[in-house]
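The values are calculated or read from the model by the stated rules, or taken from the named source; none is laboratory data. Here the structure is a predicted model, which means the values were calculated and not measured. Here Cβ is always computed from backbone atoms with ideal geometry, including for glycine, and neighbour counts include all displayed protein chains.
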Amino acid sequence: MTSPSATPNTAAAAGKGGRLRFFNFAAPMRFYAITGWLVPLCWVVAIGFAIAGLYVGFFVAPTDATQGESYRIIYIHVPAAWMSMMLYLVMAFWAGIGWAFNARMASIVARAIAPTGAMFAFLALWTGAFWGKPTWGTWWVWDARLTTTLILLFLYLGYIALVNAIDDQRRSDQAGALLALVGSINVPIIYFSVQWWNTLHQGATISMTAAPKMANTMLTGMLLMTVACWAYAFATVFMRARAITIERESRNAWVGKLVSQPAQGGQKT
Amino acid sequence: MNWGSASEFFHMGGKGLFVWGSYAVSMLVMVAEPLLARRRHQQALRQAALFNDEGRKPRFS
């Protein structure tokens, strides 16, 4: 309350200064235009890296000495599990930014991430079950790593259900942000669960501090698949964010102009 | 090369069900998700176009 003019002034100064471009990108219209050509690019990267990763994983990498061929599930299981954790943090980050600064695009991006994150969490669990059966002799066990990942899936589903249940857009974004931020405590718990608890799940395949515990070709295949999954996530999140942008901005002039252009690519992705 | 023949490849050393069960479902959901996103986008554009047309029409006709 000491200087009432401080807040609007700093915002205006930031807009005029060097960060102008950044805020331009944050405007729905600019975001829509830029992601329009980013989406096909992401698909090319995703499909290219997936083909390369699967080729290395199935045809170059050797059979695992102890697990036999079932280990080949790793090329989808580990990237999916990484993505499910990472996307949750990214979702919580943008939801928080949207809440704190009332940034429209940030809240849209947070919403757009949730289904993709849930999909990856589901895949991590599904492929984990299909890997656990031949390796541990059971599809499922109430173990720390598995249980916390299941909670992650429920957090995603809870977020989606919550934001869809509240009609008021700003309230819905805020409630979602609160759930996303509180739930993000689960992510480090998943990550460290294999160290903190005695668990059936094997330890980290790759860590920051030690050399990878796997053959070089296996590692290459897994990293190629990880890049593919990142590109896939960018592509689908951008696609969904573009859809939500149109839903929310349908009464704005730029959307009106976009949809009134006859055969001008308005119906494309 | 790890596999002598195609059937050896699909057999996966007796673990075919688990390996292909993982990859088939992954493929399925990773194809379905972008298709759903695209449908949502197209629906949003149609909705916006409808609204846009209504705005131009005379109100009581």
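The table below lists the values:
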item	result
Number of positions in the stretch A:130-151 that are part of a helix (DSSP H, G or I) and either closer than 15 Å to A:Val78 by Cβ or more than 22 Å from the chain's Cα centre (by Cα) (or both)	11
Candidates A:Ile76, A:Ile47, A:Ile51, A:Ile34, filtered to the one that is more than 28 Å from A:Asp173 (Cβ to Cβ), hydrophobic (A, V, I, L, M, F, W, C), in contact with a Phe, Trp or Tyr (Cβ under 7 Å, 6 or more places away or on another chain) and in a helix (DSSP H, G or I)	A:Ile76
Identity of the residue in the stretch B:1-55, of a type in the set (Asp, Glu) and more than 7 Å from chain A (Cβ to nearest Cβ), that ends up farthest from A:Gly57 (Cα to Cα)	B:Glu54
Residue check, A:Leu125 free of Cβ contacts under 8 Å to residues at least 40 places away in the same chain, crowded, with 19+ Cβ neighbours inside 10 Å and either within 14 Å of another protein chain (Cβ to nearest Cβ) or within 17 Å of the chain's Cα centre (by Cα) (or both)	yes
Hey, A:Ala27 in contact with a helix residue (DSSP H, G or I) (Cβ under 8 Å, 6 or more places away or on another chain) and either surrounded by fewer than 22 Cβ atoms within 10 Å (Cβ to Cβ) or modelled with pLDDT of 95 or more (or both) or not	yes
Residue in the stretch A:156-168 that is touching a His at 6+ places or on another chain (Cβ under 9 Å), of a type outside the set (Phe, Trp, Tyr) and either more than 14 Å from chain B (Cβ to nearest Cβ) or closer than 19 Å to A:His77 by Cβ (or both) present	no
Options A:Thr199, A:Thr209; residue that is at pLDDT below 95, in contact with a helix residue (DSSP H, G or I) (Cβ under 7 Å, 6 or more places away or on another chain) and away from chain B (no Cβ under 12 Å)	A:Thr199
Those residues of the stretch A:54-73 which are exposed (fewer than 15 other Cβ atoms within 10 Å of the Cβ), assigned to a loop (DSSP other than H, G, I, E, B) and either facing another protein chain (nearest Cβ under 9 Å) or within 18 Å of the chain's Cα centre (by Cα) (or both), in sequence order	A:Pro62, A:Thr63
The stretch A:228-247, residues that are surrounded by fewer than 21 Cβ atoms within 10 Å (Cβ to Cβ) and more than 9 Å from chain B (Cβ to nearest Cβ)	A:Trp230, A:Ala231, A:Phe234
